[in-house]
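Worksheet: the structure to be examined is printed underneath.
What follows is calculated from the coordinates using simple rules that are stated; it is not laboratory data. The structure displayed is predicted, hence computed values, not measured ones. In this analysis, Cβ positions are derived from the backbone assuming ideal geometry, glycine residues included, and neighbour counts consider all displayed protein chains.
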Amino acid sequence: MSMIFPRESVSQDGHDPQDPKQSPADMTAFVQNLLQQMQNRFQTMSDSIVTKNILLFWFALQVLKIC
């Protein structure tokens, strides 16, 4: 008697990296999802850099007012 276990390698979006017969639509969806995640991370980094530069500029203006 054999037991069937679910494959743990299938990602949340249904992509199975061990299945060589992924459809082009599946691969397209996977790549689009990956690119969206990358875009979100770059946007977060960019926003953080801009915020830090604004705060640094504001702080420098405050220091110059004191002097």
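Between residue 33 and residue 57, full extension at 0.36 nm per residue minus the direct alpha carbon distance yields a gain of 5.0 nm. Judged by the mean number of other Cβ atoms found within 10 Å, the most tightly packed of the peptides 48-61, 26-39 leads the ranking 26-39, 48-61. Full extension of the chain between residue 49 and residue 26 yields a length gain of 4.8 nm, computed as 0.36 nm times the residue separation minus the alpha carbon distance. Across region 45-52, coupling constants 3J(HN,Hα) worked out from phi with the 6.51/-1.76/1.60 Karplus curve, θ = phi - 60°, read 4, 4, 4, 5, 5, 4, 4, 5 Hz, and Gly and Pro carry x.
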